Amino acid sequence: MYATQYHKAISLDDARSQLAAADDAKLLAGGMTLIPTLKQRLAQTDLLIDLADTGLTLIEDTGSHLKIGAMCRHYDVETSTLVATMIPMLGSLAGGIGDRQVRNYGTLGGSIANNDPSACYPAALMALGANIHTSERDIAAEDFFVGMFETDLDEQEIVTAVSFPKPDKAAYVKFPNPASRYAMVGVCVAVMDGDVRVAITGAGQDGVFRHNDMEAALSEQFSAMAIETVAIDEEMLLSDIHAGADYRAHLVREMTRRAITACQP
Amino acid sequence: MTQLSMTVNGQPVSHDIEDNMLLVTYLRETLALTGTHIGCDTSQCGACVIHINGVSAKSCTVLAVQAEGKDVTTIEGIASGDRLHPMQQAFHDQHGLQCGYCTPGMVMSAIELVQANPALSEQDIREGLEGNICRCTGYHNIVKAVQTGAQAMRKA
Ligand SMILES: Cc1cc2nc3c(=O)[nH]c(=O)nc-3n(C[C@H](O)[C@H](O)[C@H](O)COP(=O)(O)OP(=O)(O)OC[C@H]3O[C@@H](n4cnc5c(N)ncnc54)[C@H](O)[C@@H]3O)c2cc1C
Ligand code: FES
Ligand code: FES
């Protein structure tokens, strides 16, 4: 790892002013992506601003939404009784991320800010139509996830929380990479006020995306049968050492089938 | 440079270290606690698992400065004198290792698993050890060892 300075922010304001003052600072959340990247010298920074002590760990029922703080670890979401009662799909998604040690550190804010094309949370945020709160503004999930490892966040912006509207029913199912557990393909199906939404991670060349044709077919008839003949465009899918685009296309349909069957309130 | 203080295996320690030093490097090279291993650079193998304030962590993916003021336990800190920790004894008795490279991480992960859920099933063990990779054993005896260790920990 290249030389760097470390600062443990004592509040969100402290983190903001440190970020504004430094030339080239990076926020450190759970470190489960950032530290491996730094240690392989794939990235470099003058200053690491640790968000561990900034709070941002609240999980609350706002009446209309389930609001989860950016620094909630995957473990916190996996084991929260409020999450389990309001949107159980999110608890099981968090419980399926990586392994126990990754879940003990990795956070919601870090996961979405990173926007790995194989990350799990982006699919849930897209399918539910979540709202991302930052130190500066609110951003709709559709506008937040811009492309592979790219978000709408600007350099001085800190994710503070995410608000999830409660679905009528929802499920997230992934085919995990056997070594890392990242999604080779992950599909979140949600019914929101009668609207069917299908968001797919792990497969798209531009990261997470919604599949409009499957959504249309499922709006007609909500069953695994309904998507049998919907076309899945391989041209826009990832192809890498883990899986070719044709195999990913197959997994997209299969994971969607399973998610439809697993949908629960 | 930052002055770092923490507790490691019950002993207070303090050193001036570079901010970019990984916790695993601090343990192995500064404190000479070489029981914690490094098996990868992708945070996947779990050979480096330790406990920070009782929570299992991959020490290769935590900076030493992040552990300021914390209570760290490594594989060297779990036996009582000459008496192995019940989980260590179980790995010995069940032959839960071949080369032993993954073993410290396996034992540290397993202890936390059992503490969190003393009545864990074989499936819980297999899923709970997802972050610990072993290239020798095929995991069968590791799972048996954790079952035996869990029983012994319940009695202890
Ligand atoms: C072995 C392994 C397996 C994994 N498996 C999965 C998996 O199955 N599914 C999955 O989804 N993920 C997986 N991950 C990734 C994991 O979920 C990471 O925790 C996550 O991607 C990053 O979160 P973090 O809190 O560790 O962030 P960090 O690594 O600390 O930060 C990541 C990036 O986000 C930025 N950032 C962090 N917090 C904020 C914030 N509040 N505001 C703005 N920017 C911020 C940082 O500056 C950095 O650029 C895995 C990781 C590992 C190591
Ligand atoms: S050395 Fe492989 S996970 Fe830490
Ligand atoms: S015993 Fe050799 S790696 Fe597990």
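The values are calculated or read from the model by the stated rules, or taken from the named source; none is laboratory data. Note that the structure is predicted; figures quoted are calculated from it, not measured. Counting neighbours? That spans all protein chains shown, and the Cβs are built from the backbone with ideal geometry, glycine included. The accessibility values were calculated without ligands, DNA or RNA, using every heavy atom of the protein model including side chains. Shrake-Rupley method; radii C 1.70, N 1.55, O 1.52, S 1.80 Å.
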Testing A:ALA170 on (1) surrounded by fewer than 17 Cβ atoms within 10 Å (Cβ to Cβ); (2) farther than 19 Å from A:LEU56 by Cα; (3) away from ligand 2 (no atom under 16 Å from the Cβ), one condition comes back false. Which one is that? (1)
Here the residues within region A:199-225 that are without any contact (Cβ under 8 Å) to a residue 12 or more places away in the chain and among the small types (Gly, Ala, Ser) are A:ALA216
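Got at least one residue in region A:109-126 being modelled with pLDDT of 95 or more and farther than 30 Å from B:VAL62 by Cβ? First the steps, then the outcome.
Filtering region A:109-126 down to residues modelled with pLDDT of 95 or more leaves A:109-126.
Still in the list and also farther than 30 Å from B:VAL62 by Cβ: A:126.
Within region A:109-126, one or more residues are modelled with pLDDT of 95 or more and farther than 30 Å from B:VAL62 by Cβ.
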Answer yes or no as to whether B:GLY35 is over 24 Å from A:SER180 (Cβ atoms) and either open to solvent by 10 Å² or more (accessible area, probe 1.4 Å) or not in a helix (DSSP H, G or I) (or both). yes
Tell me yes or no: at least one residue of region B:7-15 is more than 27 Å from B:THR148 (Cβ to Cβ), modelled with pLDDT of 95 or more and within 14 Å of chain A (Cβ to nearest Cβ). no
In region A:26-49, how many are within 13 Å of chain B (Cβ to nearest Cβ) and within 15 Å of A:ASN114 (Cα to Cα)? 14
When you look at B:GLU130, is it open to solvent by 10 Å² or more (accessible area, probe 1.4 Å), free of Cβ contacts under 8 Å to residues at least 24 places away in the same chain and within 25 Å of B:ASP41 (Cβ to Cβ), yes or no? yes
Residue list for region A:1-22, filter: more than 9 Å from every other protein chain (Cβ to nearest Cβ) and of a type in the set (Ser, Thr, Tyr): A:SER11, A:SER17
Selected residue (criterion: surrounded by the most Cβ atoms within 10 Å (Cβ to Cβ)) from residues of region A:185-210 that are within 11 Å of A:MET126 (Cα to Cα) and not hydrophobic (A, V, I, L, M, F, W, C): A:THR201
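Any chance you could count how many residues in region A:69-82 are part of a helix (DSSP H, G or I) and either farther than 30 Å from B:MET106 by Cβ or among the acidic types (Asp, Glu) (or both)?
4
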Name every residue in region A:211-231 that is over 19 Å from A:TYR172 (Cα atoms) and open to solvent by less than 30 Å² (accessible area, probe 1.4 Å), in order of residue number. A:VAL230
